Amino acid sequence: MVKIAYHACYAYSLPEGHRFPMLKYELIPEQLLHEGTIFQENLFEPNYCSDEVVLWTHDINYLHKLKQQTLSASEQRKIGFPQSPELIERELMITQGTIDCCIYAIENGIALNVAGGTHHAFADRGEGFCLLNDMAVAANWLLKKGLAKQILIIDLDVHQGNGTAKIFESDDRVFTFSMHGAHNYPFHKEVSNLDIPLLDGTDTDTYLTLLQYHLPGLLETVKPDFAFYLSGVDILETDKFGKLKVSIEGCKQRDAFVFESLKEKAIPVTVAIGGGYSPDIRTIVEAHCNTFRLAKDFFLMLLVICACFFSMDTNAQSSIRGMVLDSITKQPLAGINLFLSHTSIGTTTDQSGHFNIERIPQGKFELVISSLNYETRTISINSSQITASLQVLLKPTANELQEVIVEPYDEDGWEKWGKYFNTHFIGNSALAADCKLLNPEVVKFRFSRKNNSIRAFSREKLLFENKALGYRIQYLLTKFEYNLEERSFFYSGYPQFQEMLPKNNDEKNRWAKKRKEAYQGSIMHFMRALYNNQLEQEGFEIHQVLKVDYAEYKRASSLFKAYSKAIKNKETISISKDSLEYYKKASKLGANEYSVQLDQLITKEDLVAPIDTSIDATAQFMGFIGWLRVTYQNKRDPIEYARITLKRIDHINSDINLPNKIGLSIYPNGTYFYGNNLFIEGYWSWWEKLSTHLPTDYQPEQTKH
Ligand SMILES: [Zn+2]
């Protein structure tokens with residue numbers, strides 16, 4: 001549905017005799033509703049734009065002057081309106097209307113604001129009936145939110161978009177295009193990326209020819225992924241100030257040409273209406289209404305995933321709705337399973353392909369959309385920037401001949417390779433004995449002699465029953481690879497949890513106890529403690545560790561010897577204190593093949609930094625160099641683990657490293673992204689398996705005292 005921003009306060013009453021045709025803002029929606037072009041549900045009322053967002057574009061002193069009514073008489077004269085609190089509120093609302101339109105435009109292809117297009121507003125001042133530059137604010141908002149990378153502003157108001165041109169003068173991400181009267185206001189023109197000045201008396205043919213000449217080329221070269229269109233109707237021959245001679249029919253053709261050009265390239269567009277000063281207000285309203293009438297035909301379903309984020313109260317639980325379609329037939333798909341990976345939250349599409357997932361907890365999740373006959377899709381969902389509405393296209397797995405390609409696999413896979421699957425995927429802690437794969441026949445194995453590795457795969461979901469913890473798990477396996485030579489293991493996939501129903505209270509209590517055991521000292525526990533700055537209270541300690549192999553040991557000790565000698569002889573050496581300290585430590589490590597030494601204690605401040613809240617309100621950033629050893633004091637090494645390490649200690653140790661030198665985002669629920677950037681050795685690499693896995697919404701019960 002085409003969405004249109006409008007509020008009764010758009011039509012602000014000016015002192016009698018003021019030349020600005022304020023009434024048009026009321027008459028346009030009235031006319032459109034009256035003739036049945038739109039219905040009440042097409043209209044929405046925007047809120048006030050926040051100061052934070054305004055200040056991404058405007059100057060703070062200027063905003064204060066507007067809000068506190070302290071513009072000087074000459075500043076007010078330049079704007080053309082006497083200042084008032086209502087006027088600035090109106091402007092903030094219109095600006096938010098243009099921003100909201102961008103969300104709807106991404107969803108529907110187009111959205112319109114019944115006001116806006118205030119293109120004479122500069123970052124630090126207003127002019128020509130413009131206080132805030134709504135399109136500039138919305139463009140910066142899109143860029144900041146990552147919803148657009150290259151924006152084109154098509155300004156076809158008869159007056160040059162001088163404020164817009166100046167604001168984006170040195171920002172390549174926004175291309176400003178203005179076609180305007182050469183001898184019209186503003187008399188000092190700024191430089192847009194493309195200015196087409198028009199001579200007085202330019203007629204319909206000339207006007208349209210120029211537009212048709214320039215716009216397609218711009219779309220080719222600028223390659224915008226979002227457009228703004230300022231559809232001022234002051235180009236009309238009847239206009240008091242326009243000085244051009246474009247007919248009302250020509251004005252309509254202009255709009256149609258802009259819309260068609262954008263539609264052809266599937267570029268979403270937000271329209272704001274700009275100026276129009278014909279003496280008969282009916283002419284103004286009629287010309288503006290034409291824009292809306294055409295827009296209705298332009299409305300299209302952009303058949304891509306529309307991730308339209310808006311910020312939300314981070315404490316609120318949110319929901320996500322949308323629709324799933326076949327990517328080829330574009331038919332809605334019923335009965336498609338959607339779930340948030342690693343949780344018990346999910347749903348199935350209804351007969352019309354719609355879904356609604358409620359009570360999404362805080363954090364970042366992968367939404368998994370899967371069906372046997374379609375390729376699985378995943379979409380990142382962040383509870384603090386939830387998607388307004390989602391359209392998901394699924395690609396059929398069958399080829400044109402309606403045949404499903406079956407990958408080759410080893411006939412006796414389970415006999416040969418099953419033990420690797422069980423050990424590394426399900427695990428071999430005490431809990432693993434009660435975790436059963438219910439449909440082993442769906443798992444196929446393939447051994448590669450070339451890589452000396454085993455791959456396991458399945459087209460269907462793996463069904464597990466974990467009687468130790470009381471979960472049924474449907475697992476969508478995307479990768480399982482075990483390298484026999486390096487003994488390294490990599491797997492990825494999406495588990496969906498379901499609580500099992502306990503037979504009695506004993507079983508219920510046993511599960512609660514086992515879950516808590518599984519949780520204590522786990523990565524989830526560690527990440528939550530780190531996030532909440534409770535490492536010590538929760539029993540964790542982190543040390544930098546020095547891992548040195550034999551070659552490095554030899555290099556470090558000989559350097560340390562040489563430097564020590566030089567220092568003793570009072571020779572001048574040039575080496576930083578840090579490196580000397582490192583050589584000293586490394587040379588003290590034994591000459592074993594692989595030695596480890598604990599170094600200084602690491603605190604949360606050393607490890608974690610907040611993330612720009614406008615990008616992600618809940619995440620923190622975790623980054624470090626080298627290896628860290630995480631010790632959990634409140635758990636003894638399990639005996640099954642001690643059998644592998646051949647020693648038993650009274651706490652558990654895991655080592656972590658960022659092999660790709662890329663940090664992680666961590667969330668309050670203990671999840672972290674992206675998992676493949678974290679390398680784990682020690683206890684966690686043995687413990688963190690399917691049989692010990694807890695859903696991310698798990699909360700340990702507080703022990704009663
Ligand atoms: Zn104008």
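The values are calculated or read from the model by the stated rules, or taken from the named source; none is laboratory data. None of these values were measured; they are calculated from a predicted model. Heads up, the Cβs are rebuilt from the backbone with ideal geometry, glycines too, and the neighbour counts pull from every protein chain shown. All accessible areas refer to the heavy atoms of the entire protein, side chains included, with ligands and DNA or RNA removed. Shrake-Rupley method; radii C 1.70, N 1.55, O 1.52, S 1.80 Å.
Could you list, in sequence order, all residues of the stretch 3-32 that are open to solvent by 40 Å² or more (accessible area, probe 1.4 Å) and either at pLDDT 95 or above or out of contact with any helix residue (DSSP H, G or I) (no Cβ under 7 Å at 6 or more places or on another chain) (or both)? Break it down into steps so the answer makes sense when it comes.
Of the residues in the stretch 3-32, the ones open to solvent by 40 Å² or more (accessible area, probe 1.4 Å) are 7-9, 12-13, 15-19, 23, 26-27, 30-31.
Passing the criteria: Ala8, Ser13, Pro15, Glu16, Gly17, His18, Arg19, Glu26, Glu30.
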Just to be sure, is Thr95 buried (at least 24 other Cβ atoms within 10 Å of the Cβ), of a type outside the set (A, V, I, L, M, F, W, C) and under 15 Å from Leu55 (Cβ atoms)? yes
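Report the residue count in the stretch 458-476 for those that are in a loop (DSSP other than H, G, I, E, B) and at negative phi. Working first, answer last.
Step one: list which residues in the stretch 458-476 are in a loop (DSSP other than H, G, I, E, B), which gives 458-461, 467-470.
If we keep only those that are at negative phi as well, we get 458-461, 467-469.
Here the count works out to 7.
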Please determine, by comparing only the residues of the stretch 246-266 that are modelled with pLDDT under 95 and not in a helix (DSSP H, G or I), which one is farthest from Thr202 (Cα to Cα). Ala266
Taking the criterion of being open to solvent by 20 Å² or more (accessible area, probe 1.4 Å), under 23 Å from Ile369 (Cα atoms) and either charged (D, E, K, R) or not in a strand (DSSP E or B) (or both), would at least one residue in the stretch 481-498 satisfy it? no
Output the residue which, of all residues in the stretch 271-284 that are buried (at least 24 other Cβ atoms within 10 Å of the Cβ) and more than 15 Å from Lys243 (Cα to Cα), is nearest to the ligand (Cβ to nearest atom). Gly274
Heads up, the strands (runs of 3 or more DSSP E) in the stretch 341-457 (entirely inside) with at least 3 residues that are in contact with a helix residue (DSSP H, G or I) (Cβ under 8 Å, 6 or more places away or on another chain) and at pLDDT 85 or above are 444-448
Among what's in the stretch 123-137 and is part of a loop (DSSP other than H, G, I, E, B) and more than 30 Å from the chain's Cα centre (by Cα), pick the residue that is farthest from the ligand (Cβ to nearest atom). Asp124
Would you pick out the residues in the stretch 259-283 that are under 42 Å from the mean Cα position of the chain (by Cα), small (Gly, Ala, Ser) and over 23 Å from Leu132 (Cα atoms)? Ser261, Ala266
Condition (residue is in contact with an Asp or Glu (Cβ under 9 Å, 6 or more places away or on another chain) and farther than 22 Å from Lys24 by Cβ) applied to the stretch 105-115: is it met by at least one residue? no
